[in-house]
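Read the structure below first, then the notes.
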Amino acid sequence: MEERHTCTDKSVLDMTNPKPKAESQSDEAEDPDGGWGWVLVGALFVSTSLVFGLMRSLGIFFVEFVQYFDESAHAISWISSTGLAAQQFFSPLGAALCNAYNARVVVMTGGLLAGLGLILASQATRLYHLYLTMGVISGLGWGLVFTPMVATVMAHFTRRRTLALGLAFSSIGLSSFAFNPLFQLLVEKYAWRGALLILGGLSLNIVPCGALIRPRRRSKAPAKVDSETGSSPVSVLRRISSYLELSLLSERPYVTYTLGITLLNVGYFVPYFHLVAHSRHAGFSEYQSAFVMSAAGASDILGRIVSGWFSDLGHFRLIHLLSAWTTLAGVFIMLLPLSSLSGSYSALMVISLLYGFCSGALTSVVFVVVPLIVGVERMMGALGLLQLIESGAGLLGTPLSGFLKDVTGNYVASFIVAGSFLILGTLTMATLPHYFSCTDPPPPPQRSSLDDKHNGLHSELEHMTSSPSSDTNHRV
Amino acid sequence: MLASWKQLIFQILLLLISCRHINTTSPDPTPPPLVPIDSLPRDVRRAAFKGEGQIEKVELLNPVNLELVCTWTGHQNKESNITGFWRKDGLEIENSHLTVQLENEQYQLQQVFNIVSEENLGNYSCVFESEVKIDFVVAVPQIGEIRDKPVVTYVGDSGVITCKMEDSKPMPNTWKWYKANGTDKEEIFAAAEPQRYEIKNNERKTKLLVNNLTMADSGLYYCGAVYTLSTSMGHVELKVITYYEPLKPFMAIVAEVFILVTAILLFERSRSKKNDTEGDMMSDQTNTLSPGENNGLEGSSSMRQRKT
């Protein structure tokens, strides 16, 4: 009980000092919190912008597609839905391949596929060609890129994980600011075909980002390969399920967390889709509504970076911070329609800025909590599965809010339901074990079987990097 | 009795003379319909002088008797009589000088114009005392929703140009398409070349599809909204480019990617060679890196060979 009062005791920081010295003896191990880690943050910055920043700016092409293919806007919007769904669906595949082989190979292949999809799309003569190329092929590429890169960056940091991710994810907002005018220019100069071709080339820049991943001796692969020899179907299936970390689905903490994040996702995207329409509905001009959206986007970028920096200061547990940001974001989403009901533009603006900040803040923290629950070793597979499961929520949330708007006639109900889903997510996360304690729980037991001296050293170091005594107490 | 016969012959003569007069003074290829002037509907447009450079838009579809009424409240010291006259397209209309009386604290000029054909459209101005002017732009509805940037397409591909008349404006009777040929416009007849051109008309929208594009198809295309009085034109530029245009920046980017990947892999190889002298731990890595031609694809295959 006294622990609560000494939550901010920083004397345990001294224990972290010997760690870097020990690890620098082995060139193989990652340097925590420095050096090459920041290079990888840069790589993640670039690849995230080429994946999500690009996805967000594809709207420029849609007008051209509608005209060229003579299809409805709804049919065209399925292109980006397919791309996003493929990215999330293939995330576990990317994670499993990284576990089986090598993150560098997977990310470079993903980059090639993403570029190839767009290059092929430039030759499309029918709409379904676009679904297959921009949707499936590029989506597969993106899936092979995002989760492995995030997991790799997180493995390279311990104390600055959230800041690293926050900085890297700020690229999404920044790049969509840059890509919108760039894409517009490309389409005007080269028509959509040439623009897609050039975009495919740009996406190939993910390949050097992947090349920056240093191949490491993974303690995991030999453990699995050694224990499961032979190619009988059973052992193959067992290996595949271990690469995919399917065993996580039976562990309560992970399932609880995934459920919480899924609920969060139901409501998270609603303002992105409906804020502008809602502002227009409330009587503001087109320009004012677009400005509200841009302002929310700008505060989103700020929120990611500030949240990353703040979380790593260590004053609070990450899971508590995540709950706080999620609850606040949910509250602000619910306040959005109510603020504009009064007709005041400044109230809408303030709430949108606050909402943007909180929603950006929570994205920095969401992924970093995962290794705290499942351990650094299984982080890759855990992230893949998380992406897959939360994708369903995104598909549910937007149609639901649209339906509510059609039924009630305005956006009030949609926003309130969306906000309440976020709060539900927080409540779900509150059922995680050790939620109400001041310290992070111990990570699950490490995998066994590392006889080799180097691998033994490596596992010991990994244990040190993720053990509560060395890194999480100071975050307490 | 004789008087009435004389009157009849006189009227017939008058009619014949005026008919001949009509025939000789309108040499244009499409003569306006010879409807008696009185049977045209009357359209009245009023305008009160508000300030300098005042322009009123008058949109007409069909032949009308257009009555334009200008009112002006006058200066401080209002004189009882001022002069006023009418201009068309900047030129004074003959016999339009009038003396205007001050009535109800304002001056009023009105005139009826017969708008029956394209020549009658233009800029009509009423002028008071050569200083106060109100312009009436009499025209068919202009096409508002038209693309101002050029439509870019590729050789061998097909291009689409659309023109739309807004919902707030009246629908045209039909649409026509023209291609600019020097300073002239040539009408495009889709029926004559069905493989190349296709025109899809929808009351408010029209689409021109040009198949199998060649560089010669570049240029200005005009869509015309045909109304009884005249045709309203809008133009769109079509640019046809070859695939080499976007290919140049694309190849530049691919080269940059290639160089980056090579540099990164080379850098890593040199670093690991340095570390080679420090310990055996790097020996495995160097062995597998050496066959790697520093191309992304082949680099990946060499990585795959390494099983740790």
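Within this structure, A:Glu64 fails the test of being part of a loop (DSSP other than H, G, I, E, B) and either within 12 Å of chain B (Cβ to nearest Cβ) or not aliphatic (A, V, I, L, M) (or both). Working only within region A:137-189, note down all residues that are open to solvent by 50 Å² or more (accessible area, probe 1.4 Å), farther than 30 Å from B:Arg147 by Cα and in a helix (DSSP H, G or I). Matches in region A:137-189: A:Leu167 only. Scanning region A:395-416 for residues that are open to solvent by less than 10 Å² (accessible area, probe 1.4 Å), within 27 Å of A:Trp142 (Cβ to Cβ) and modelled with pLDDT under 90 turns up at least one hit.
Which residues, taken from region B:75-105, are in contact (Cβ under 8 Å) with a residue 40 or more places away in the chain and either of a type outside the set (Lys, Arg) or open to solvent by less than 20 Å² (accessible area, probe 1.4 Å) (or both)? Give the steps one after another, and end with the answer.
Taking region B:75-105 first, the residues in contact (Cβ under 8 Å) with a residue 40 or more places away in the chain are B:82-87.
Answer for region B:75-105, where residues must be in contact (Cβ under 8 Å) with a residue 40 or more places away in the chain and either of a type outside the set (Lys, Arg) or open to solvent by less than 20 Å² (accessible area, probe 1.4 Å) (or both): B:Ile82, B:Thr83, B:Gly84, B:Phe85, B:Trp86.
For region B:132-146, filtered to residues that are at pLDDT 80 or above and out of contact with any Cys (no Cβ under 9 Å at 6 or more places or on another chain), the residue that is farthest from the other protein chains (Cβ to nearest Cβ) is B:Val138.
Among the residues making up region B:159-170, a single one is open to solvent by 10 Å² or more (accessible area, probe 1.4 Å), more than 14 Å from B:Gly234 (Cα to Cα) and modelled with pLDDT of 85 or more: B:Val160.
For region A:93-105, filtered to residues that are part of a helix (DSSP H, G or I), open to solvent by 10 Å² or more (accessible area, probe 1.4 Å) and out of contact with any Phe, Trp or Tyr (no Cβ under 6 Å at 6 or more places or on another chain), the residue that is farthest from the other protein chains (Cβ to nearest Cβ) is A:Leu93. Residues considered: B:Pro63, B:Pro32. Of these, the only one that is surrounded by 12 or more Cβ atoms within 10 Å (Cβ to Cβ), at pLDDT 85 or above and not β-branched (Val, Ile, Thr) is B:Pro63. Highlighted here are the helices (runs of 4 or more DSSP H) found entirely within region A:255-369 that include at least 3 residues which are polar (S, T, N, Q): A:286-313, A:318-341. Inspection of region B:169-180 finds a residue satisfying the criterion of being assigned to a loop (DSSP other than H, G, I, E, B), over 22 Å from A:Gln67 (Cβ atoms) and in contact with a strand residue (DSSP E or B) (Cβ under 7 Å, 6 or more places away or on another chain).
Give the residue, chosen from A:Ser235, A:Ser294, A:Ser289, A:Ser307, that is open to solvent by less than 50 Å² (accessible area, probe 1.4 Å) and farther than 27 Å from A:Ser91 by Cα. Walk me through how you get there before you give the answer.
Numbers: A:Ser235 fails: farther than 27 Å from A:Ser91 by Cα; A:Ser294 fails: open to solvent by less than 50 Å² (accessible area, probe 1.4 Å); A:Ser307 fails: farther than 27 Å from A:Ser91 by Cα.
One residue alone meets the criteria, A:Ser289.
Given the condition surrounded by 17 or more Cβ atoms within 10 Å (Cβ to Cβ), within 11 Å of chain A (Cβ to nearest Cβ) and assigned to a strand (DSSP E or B), answer yes or no: does some residue in region B:206-228 qualify? There is at least one residue in region B:206-228 that is surrounded by 17 or more Cβ atoms within 10 Å (Cβ to Cβ), within 11 Å of chain A (Cβ to nearest Cβ) and assigned to a strand (DSSP E or B). Taking region B:229-274 as the range and being open to solvent by 60 Å² or more (accessible area, probe 1.4 Å), under 27 Å from B:Pro150 (Cβ atoms) and more than 11 Å from chain A (Cβ to nearest Cβ) as the test, the residues that pass are B:Met233, B:His235, B:Glu237.
Inspect region B:188-201 for any residue being more than 10 Å from chain A (Cβ to nearest Cβ), open to solvent by less than 30 Å² (accessible area, probe 1.4 Å) and aromatic (Phe, Trp, Tyr) and give the result as yes or no. Looking for residues that are more than 10 Å from chain A (Cβ to nearest Cβ), open to solvent by less than 30 Å² (accessible area, probe 1.4 Å) and aromatic (Phe, Trp, Tyr), one finds at least one in region B:188-201, hence yes.
The values are calculated or read from the model by the stated rules, or taken from the named source; none is laboratory data. This is a predicted model, so every value here is computed, not measured. Glycine also receives a Cβ, built like all others from the backbone with ideal geometry; neighbour counts cover every protein chain displayed. Heads up: the accessible areas ignore ligands, DNA and RNA and are worked out on the full protein's heavy atoms, side chains in. Shrake-Rupley method; radii C 1.70, N 1.55, O 1.52, S 1.80 Å.
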